[in-house]
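Chemist: Shown below is the structure under consideration.
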Amino acid sequence: MKLKVVLQPSDENGYTAYVPSLPGCISEGDTKEEALANIKEAIELYLEPIIDDLAMPQNSEILDVAV
């Protein structure tokens with residue numbers, strides 16, 4: 001899954017990262033790399049309950065759709 005992440009310098013040093021398509025999914029880090037690693041973890045935690053609730057039959061397919 002690909003999501004757009006906004007990475008911006010924080011007022012208190014470091015960086016803030018958030019995902020516009022996932023309201024409330026935000027993280028931060030002292031470096032760009034740390035902020036990106038932290039937002040990846042935040043995304044996984046954000047989506048975990050949704051993925052757990054999906055009950056897909058065995059013959060289901062997962063497809064990428066561009067809009």
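Throughout, read-outs are computed from the coordinates displayed, never taken from laboratory work. Nothing here was measured: the structure is a model prediction, and the numbers come from that model. Backbone-built Cβ (ideal geometry, glycine too); neighbour counts: all protein chains shown.
Chemist: With label points built 7 Å along Cα→Cβ from the Cα atoms of Val65 and Ser21, find their separation and express it in nm.
Modeler: Result: 1.2 nm between the two label points.
Chemist: Full extension from Glu41 to Leu7: what is 0.36 nm times the residue separation minus their Cα-Cα distance, to one decimal in nm?
Modeler: On the way: separation 34, 0.36 × 34 = 12.24 nm, distance 1.48 nm.
Between Glu41 and Leu7, full extension yields an extra 10.8 nm.
Chemist: Give me Rg over Rh for the chain, both radii from the alpha carbons and Rh done the Kirkwood way, two decimal places.
Modeler: Values: Rg = 14.8 Å, Rh = 13.5 Å.
With Rh from the inverse mean 1/r over Cα pairs, Rg/Rh is 1.10.
Chemist: Another question, if that's okay. If we sort 29-35, 4-10, 15-21 on the protection proxy, mean other Cβ atoms within 10 Å, highest first, what's the order? Mind dumping the intermediate values first?
Modeler: On the way: 29-35: 14.4, 4-10: 12.3, 15-21: 16.7.
Most protected by this proxy first, the peptides run 15-21, 29-35, 4-10.
Chemist: Each residue of region 21-27 in turn: what ³J(HN,Hα) in whole Hz from Karplus with 6.51, -1.76, 1.60 and θ = phi - 60°, glycine and Pro shown as x?
Modeler: 7, 10, x, x, 8, 9, 8
Chemist: Next question. Taking H placed 1.01 Å from N in the peptide plane, check which residues at least 5 places from Glu28 or on another chain put their amide H under 5 Å from its amide H.
Modeler: Excluding prolines and chain starts, which carry no amide H, the hits are Ala17.
Chemist: If you don't mind, there's one more thing I want to ask. Among Val65, Pro49, Val6, flag the residue with its Cα farthest along the positive direction of the charge dipole of the chain, charges on Cβ as +1 for Lys/Arg and -1 for Asp/Glu.
Modeler: It is Val65, whose Cα lies furthest towards the positive end.
Chemist: Could you give the size of the charge dipole of the chain about its Cα centre, using +1 on the Cβ of each K and R and -1 on the Cβ of each D and E, expressed in debye and rounded to the nearest 20? Each step should come with its number before you reach the end.
Modeler: Details: 4 positive and 13 negative charges, 61 e Å.
For this selection, approximately 300 debye.
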